[in-house]
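Read through the structure below, which is laid out as structure tokens, and then see the notes.
No lab work stands behind these numbers, since they all come straight from the coordinates. The model shown is predicted, which means the values in this text are computed figures rather than measured ones. With ideal geometry, Cβ positions are generated from the backbone for all residues, glycine too; neighbour counts draw on all protein chains shown.
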Amino acid sequence: MAASDTLPPADDQRIVDLRAALEERYLSYALSTITQRALPDARDGLKPVHRRIIHAMRLLKLDPNQGYKKSARIVGDVIGKFHPHGDQSIYDALVRLAQDFALRYPLVDGQGNFGNIDGDSAAAMRYTESRMTDVATRLLEGITEDAIDFKPTYDGEDEEPVVLPSNFPNLLANGSTGIAVGMATSVPPHNLVELCNAALKLIFNPAATVDELIHQDLSSPLSADDLVRGPDFPTGGQLVETRSAIVNAYETGRGSFRLRAVWEKEEKGRGVYQIVVTQIPYGIQKSRLVEKIAELLLAKKLPLLKDVRDESADDIRLVLEPRAGTVDANILMEQLFRTTDLEVRFPLNLNVLDKGTVPRVMSLGDALRAWLDHRKIVLQRRTSHRLEQIANRLEVLEGYIIAYLNLDEVIRIIREEDEVKPMLMSTFSLTDNQAEAILNMRLRSLRKLEEMELRKEHSDLTDEKGRLELLLASDKRQWGEISKQVEALKKAYPMFDANGALHPLGGRRSMFGDMPSADHAEVTEAFIEREPITVVLSEKGWIRALKGHNAEVDEKGFKAGDRLKLSLNAQTTDKLLLLTTGGKVYTLGGDKLPGGRGQGEPVRIMVDIEEGQDILDLFLYRPGTKRIIASAAGYGFIVSEDEMIANTRKGKQILNVTAPDEAKLLVPLAGDRVAIIGQNRKLLVFPLAQLAEMGRGKGVRLQKYKDGGVSDLKTFYAADGLTWTDSSGRTYTKPMEELTDWSGDRATAGRQPPNGFPKNNKFVG
């Protein structure tokens, strides 16, 4: 048939639904990306490119005890036989399999430059050499024993494995990442000993929950019997997560793990120290990390840090010098954790191909069961294959025994008969295989045909056949055999070496740390350069910050008709609390205030003060300090400044007031008595204990009025007496013994104040 016969006529004008065509083609592309490129198989944890690389290395006989071969040779074989894609993409995949900082248990043993943790690329494939590691051979174990299925390669000239036998939980042990169409996967690496222990628990208790597969005490000393504690990254690092968060992530198959660098404090004497980082988070390039810290340092965004140096050789050693010996190391590191990749969140998205076909988000238990179920199928297939081999061998051995017992007759038939094979089969009732085996025997083998040896081999194989048949017939025996394989795997990569130290390959590298101990406010404050300022607030609500504490407030620095309301000394690291007549408190940062060159900015631009409310007071926030807040109508309560911190522009309602009532006073708490005087010039003294402490509310009545409201309030200690100052600056003190007439209970009216009390009804005239 000519080529033109397969094409539609030139004038063919078929109508095609564009949407349907695009959906069909895009779906085909998406499925190809998902199954052939991005998502690993849950059974062997490999993507097709990695599986083909390992298979090609097996065909090249690159076992761990054999010599190396050029990586270019391997890449060429992979392209030519199995994976018709770019050579660089295949070589990049091969390189990653050899990097001990990328893979927890490398599958390729590389010789030459395979890159480093600084982000330097590997040498070209013509310069590097490779062979398989012991882990890779475990993935291939039984591949020649009909353990798995093979499928035709892309050109139909060869075959490739659909999945590897995988006598190694590679999906969870080495992890995997990938981005497909509409989905992605991110599986962190784990410790093999912990995975084996969890797998054994599942074998003996198939109903075990994820919570039962997670170690109970994450901070306990390491043991060879530990269950899964969490990820175990090749580069170590410190995991800062609660057990409940880890269990939830493994139950749902989605979550993240907070991973920090490991650091220690090195004393240099005379109160000077430096911080040394010895492990960095997984997947972070060390050189880029140092560059980022240096950039932040030059931009003056790390005020507590003086210098950063990379003193790494074979091990990681990043040196951080604090600005001064008085700098708290924990606060400095918390600052760096917030701003740099010394802390990362590694995502968990256990989205993998279930049985190599269906994408599914699995839990930790599902992933382990997928591997164990695969191992059971492999065991059954290898057992059946071995039984076939035994049956064939027993058939041959029975023929050999017949030949040994009738050796002279066999020789005669071979020498004299024309049709030897049929004659042997008819004379001794042999099968075709038995006759063929006898005829293919070498003369030198005749001396070995001793009946005892033949019968011993026959007996051994018969016994083995019986054991294997029992194994195939019993589900319990099969799981027992798999548990032995898991135990052997656990012993091959132990947690500890013979001396009790962590094994260089099998020992856990990522340890668990406590949650951050540094105070959030202290860490936030550490980002701000500490400088003295004078905060100036005008009557009309304009605010600015002058540099220094001795700054003079010039009356000309206000707009026409405006004047100074208050000024106070502060630091750029301070927080300021602003109270309005509506009973709301707003928080201002000392470093966020406008400079003092101009007239400043209206406070209303910085926070959302409601219409009709005025600024009542502005003061420095001091943790733990308490105040009494009171309304004009004489209601109030004790409130802590910690409760007054507002995290948004909208502020925080503290005192509930309804117009025409409004907030009137906010007085520092320093004493055990309260003195309050109303606009009706009545003074009342009552115990502070009669006031409740609240975070928000209307409060209780402080003093009873027939008309007017509160004028002033202060607290004092009974032992010191009540003090006031008149308009002339003279100070009066009335001891508690002389205040009997004014002492009473809260919410009473009080009496006219003593002689000498200021006419303006204020404790300071």
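Here are the numbers:
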| quantity | calculated |
| --- | --- |
| Calculated on alpha-carbon atoms, Rg and Dmax of the stretch 527-742 in Å | 18.4, 55 |
| In range of the label at Lys376: residues from the stretch 192-216 whose backbone nitrogen is under 19 Å from the point 7 Å along Cα→Cβ | 196-210, 213 |
| Quarter of the Cα convex hull surface for the stretch 262-341, i.e. its orientation-mean projected area (nm²) | 5.1 |
| Cut-off under 5 Å, modelled amide H: who pairs with Gly175 long-range | His190 |
| The stretch 527-742, relative contact order in percent, only Cα pairs under 8 angstrom and at least six apart counted | 17 |
| Long-range HN-HN contacts of Gln279 with modeled amide H, under 5 Å | Val262 |
| Ranked packing of 193-199, 287-293, 629-635, most packed first, by mean Cβ within 10 Å | 193-199, 629-635, 287-293 |
| Given charges at beta-carbon only (K, R positive; D, E negative), |dipole| of the chain in Debye | 3480 |
| Of Lys201/Lys376; Lys575/Lys664; Lys465/Lys490, those spanning more than 24 Å from alpha-carbon to alpha-carbon | Lys465/Lys490 |
| Signed unit charges on C-beta, dipole axis of the chain, positive-most listed residue Ala391, Ala692, Tyr68 | Ala692 |
| Vicinal HN-Hα couplings computed from phi for the stretch 57-74 (Karplus, 6.51 cos²θ - 1.76 cosθ + 1.60; Hz; Gly/Pro x) | 5, 5, 5, 7, 6, 8, 6, x, 8, 9, x, 7, 10, 4, 4, 4, 5, 5 |
| Ranked packing of 242-251, 336-345, most packed first, by mean Cβ within 10 Å | 336-345, 242-251 |
| Under the Karplus curve 6.51 cos²θ - 1.76 cosθ + 1.60, θ = phi - 60°, whole-Hz ³J(HN,Hα) for the stretch 374-381, x wherever Gly or Pro sits | 5, 5, 5, 4, 4, 4, 5, 5 |
| Residues with amide H under 5 Å from that of Lys565, placed H, sequence gap 5 or more | Leu537, Ser538, Glu539 |
| Rg/Rh for the stretch 368-492, where both radii come from Cα atoms and Rh is the Kirkwood radius | 1.17 |
| Per-peptide average of other Cβ atoms within 10 Å, ordering 503-511, 42-50 highest first | 42-50, 503-511 |
| Area projected by the alpha carbon convex hull of the stretch 294-440, averaged over all directions, nm² | 20.6 |
| Under the Karplus curve 6.51 cos²θ - 1.76 cosθ + 1.60, θ = phi - 60°, whole-Hz ³J(HN,Hα) for the stretch 747-763, x wherever Gly or Pro sits | 6, 8, 7, x, 9, 4, x, x, 4, x, 6, x, 5, 7, 6, 10, 6 |
| Fully extended contour minus Cα-Cα distance, from Glu457 to Leu405, at 0.36 nm per residue | 17.1 nm |
| DSSP-loop GluC sites (Glu not before Pro) across the stretch 391-443, with at most 14 other Cβ within 10 angstrom | Glu417, Glu419 |
